[in-house]
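The values are calculated or read from the model by the stated rules, or taken from the named source; none is laboratory data. Quick caveat: nothing in here was measured; it's all calculated off a predicted structure. All Cβ positions, glycine included, derive from the backbone under ideal geometry; neighbour counts span all protein chains shown. These accessible areas exclude ligands, DNA and RNA; they are computed on the full protein's heavy atoms, side chains included. Shrake-Rupley method; radii C 1.70, N 1.55, O 1.52, S 1.80 Å.
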Amino acid sequence: MQTVHHTWSSSRLEAGRVSGGSGGRRLTGRVSAVRTSAVHRSAAVLARRRRAADGVPPQRLGAGERLAWLNAASTRIGTTLDLELTARELAEFTVPGFADGAAVDILESVLHGEEGSRWTGSGVPAMRAVALSAVDTMSTLEAVPVGETYVRDQKRHETLLHRYCLRQGKPVMVTRMREDDFDRVAPTSSGAAKMRALGVHSYLAVPLIARGLLLGSADFVRGPGSPPFSPTDLALAEQLVSRAAVFIDNARLYGREREHVVTLQRSLLPRGTPDTPGLRVHGEYAPSATRHAVGGDWYDIMSLPGGRTALMAGDVMGRGLPAAATMGRLRAVARTLMTLDMAPERVLARLDLATRDLEDDQVATFLCAVYDPADSRCTLAGAGHVPPLLLDGRGGAAFVDLPAGAPLGAGVIPYDPVTVTVPEGGGLVLYTDGLVKARGADLEDQLGRLRSAALALPPGALEDGGLIAAAPAGPGRFDEAVLLTARAVPLDEGTGLRVWPLSGDGRAASEARRLVTRQLAEWGLDDLADVCELVVSELVGNALRYGNGPGELRLLRGERLVVEVSDTGPDLPQIQHADLSDEGGRGLQLVNMLCRRWGSCRTPGGKVVWAEQNLPA
């Protein structure tokens with residue numbers, strides 16, 4: 001408009017000059033006056049808009065500036081998906097711009113993630129004070145402290161205006177408070193007396209309603225030096241509170257979804273630690289400190305035949321329920337594969353195929369380790385995972401030089417294993433990248449800090465999850481994390497492990513029976529000797545017949561008694577259906593009947609066949 005006026009005025013000016021005389025001079029003065037007035041009006045509008053955006057009291061603004069004030073509220077309220085922070089932003093925005101004091105209260109059910117609803121019961125619903133704000137002169141108002149629930153006087157609540165606001169879902173305004181109004185506004189008699197003493201003269205309560213559901217309420221008061229609330233203020237407060245209610249409800253929905261994801265995540269993790277001979281194992285899951293990165297980190301601990309222990313840690317690249325669901329599926333597949341006692345690199349290859357079969361095209365990093373207490377050796381294989389930390393038990397630590405491998409689902413196999421020795425007193429730390437990632441920090445530096453933190457922990461703190469609290473990122477950690485620590489310790493008194501090499505000729509069976517019988521007598525398990533002799537004879541006989549001769553005999557006494565025989569044959573044994581006239585084929589049937597369970601698995605040099613018996617009560 002200013003440009004149009006300027007063009008039109010210039011044309012009239014030229015016409016005046018053509019006509020001559022003093023008319024041109026008079027017209028020039030008029031143009032200057034019009035231009036100056038337009039500039040002043042524009043500056044005044046911009047100034048009022050700035051005042052509105054800065055929270056200048058709406059009662060001092062015009063209609064256009066009130067709209068600018070509401071727009072400013074949209075940028076300063078609901079900046080995060082934190083429900084309580086959003087309520088605080090509402091209270092702080094309205095003081096002193098709209099009121100001298102403000103309080104925001106939320107239904108307890110809403111804070112617990114439940115749906116809001118219109119209150120139809122007697123009294124006042126359970127509510128919690130989540131935000132308070134007041135000018136200095138009103139700072140001593142007696143209000144429910146933030147974080148505490150309401151304690152209402154049963155004789156007073158039926159007459160409270162706040163109760164009407166919640167039950168009817170409509171705002172309540174007292175333009176000029178009379179003597180009895182203070183008792184209808186304040187929750188307690190002492191609170192009413194405090195309001196009188198401080199000169200509170202006007203009150204406004206607006207329900208927080210989003211999507212037709214009651215979430216809580218916002219209360220406003222004005223004191224000396226401020227005009228009373230007017231119908232215009234009421235309309236403005238309804239618009240402001242309705243916008244804030246949507247932000248609060250969004251935060252509630254997000255918080256509820258996050259809690260569901262965390263609950264699902266924790267339910268899919270191990271609920272206990274199995275028997276792990278020679279290892280003291282601790283696993284821990286820590287949600288992100290920023291409350292938004294939840295979904296796909298997991299760990300697992302499994303007892304394998306022969307006293308071996310499988311340790312696994314993985315991280316699905318994603319967030320929310322899809323990542324948690326994928327994590328659960330991958331963990332189930334990994335457990336199934338480890339039940340077959342497969343080598344870590346073969347587990348990763350099979351997991352890669354399973355991940356590629358998922359419909360949502362997820363990828364994940366994964367680390368698998370198998371520890372053998374017989375020789376304190378640990379075999380590891382990784383798929384794009386951060387390297388594990390190995391502690392030598394003498395004050396030193398280093399990250400295992402493990403081939404990174406491609407993440408699961410990328411379709412790049414095979415994976416290469418690495419074998420390391422974990423000395424007694426030493427330990428192995430598996431984790432996900434959420435434990436070391438930090439904004440603006442180099443990953444190598446963070447890994448170095450993690451190593452230093454592990455070495456600085458006092459004895460026993462590592463097994464208690466001390467690295468979670470001592471993580472380099474600290475409260476700034478923006479991703480969830482999993483920590484799995486395993487410390488090599490001597491076998492328990494109730495656990496025994498013996499390994500013997502066997503000759504590859506016909507004497508192997510009698511040699512194995514003699515070794516087993518003598519060892520069971522030392523352990524006081526003579527009652528199991530007869531069955532164990534029969535089992536070991538069958539396992540050694542199969543190794544002689546189909547496996548190029550037996551290699552080692554292993555006997556483990558733990559929660560159960562496990563006997564294991566290795567050989568170099570490629571074929572895994574299977575139970576055969578023998579006819580009455582057949583001379584053989586019944587050995588494994590007897591093993592299957594006499595033992596709790598039995599099984600076999602491939603090894604890099606052949607296979608292992610094992611059988612498990614229950615110990616006497």
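Descriptive notes on the structure:
- Pairs where the first residue, in segment 351-369, is open to solvent by less than 70 Å² (accessible area, probe 1.4 Å) and the second is among the aromatic types (F, W, Y), C-beta under 7 Å, 6+ apart: L351/F366
- Hey, A99 at negative phi, assigned to a loop (DSSP other than H, G, I, E, B), surrounded by 14 or more Cβ atoms within 10 Å (Cβ to Cβ) and at pLDDT 90 or above or not: yes
- A single entry from A397, A454, A381 fulfils the requirement of being in contact with a Pro (Cβ under 8 Å, 6 or more places away or on another chain), small (G, A, S) and open to solvent by less than 20 Å² (accessible area, probe 1.4 Å): A381.
- Taken over segment 181-218, the criterion of being open to solvent by 30 Å² or more (accessible area, probe 1.4 Å), closer than 24 Å to L253 by Cα and not hydrophobic (A, V, I, L, M, F, W, C) is satisfied by R211, G212.
- Odd one out for A244 among (1) at pLDDT 85 or above; (2) closer than 27 Å to R319 by Cβ; (3) open to solvent by 20 Å² or more (accessible area, probe 1.4 Å): (3)
- Whichever residue in segment 426-449 is open to solvent by 30 Å² or more (accessible area, probe 1.4 Å) and touching a residue at least 40 places away in the same chain (Cβ under 8 Å) and, among such residues, is nearest to Y371 (Cα to Cα): D433
- Neighbours by Cβ (under 9 Å, 6+ apart or cross-chain): first from segment 604-616, outside any strand (DSSP E or B); second loosely packed, with under 14 Cβ neighbours inside 10 Å and at pLDDT below 90: none
- Helices (runs of 4 or more DSSP H) contained entirely in segment 163-268, each with at least 1 residues that are under 38 Å from the mean Cα position of the chain (by Cα) and of a type in the set (S, T, Y): 231-268
- Candidates are the residues of segment 259-279 that are buried (at least 21 other Cβ atoms within 10 Å of the Cβ) and not polar (S, T, N, Q); the one that is nearest to L321 (Cα to Cα) is V261.
- Considering residues of segment 285-343 that are within 11 Å of the chain's Cα centre (by Cα) and either within 30 Å of A611 (Cβ to Cβ) or of a type in the set (S, T, Y) (or both) only, the residue modelled with the highest pLDDT: Y285
- The residues of segment 492-519 that are assigned to a loop (DSSP other than H, G, I, E, B) and either surrounded by fewer than 16 Cβ atoms within 10 Å (Cβ to Cβ) or small (G, A, S) (or both), listed by number, are D492, E493, G494, S503, G504, D505, G506, R507.
- Listed conditions (1) among the polar types (S, T, N, Q); (2) open to solvent by less than 50 Å² (accessible area, probe 1.4 Å); (3) free of Cβ contacts under 8 Å to residues at least 60 places away in the same chain are all met by T309, apart from (3).
- Residues that are touching a strand residue (DSSP E or B) at 6+ places or on another chain (Cβ under 8 Å) and assigned to a helix (DSSP H, G or I) were ranked within segment 521-532; the one that is surrounded by the most Cβ atoms within 10 Å (Cβ to Cβ) is C532.
- Candidates E559, E552, filtered to the one that is closer than 22 Å to T339 by Cα, open to solvent by 30 Å² or more (accessible area, probe 1.4 Å), of a type in the set (D, E, K, R) and in contact (Cβ under 8 Å) with a residue 60 or more places away in the chain: E559
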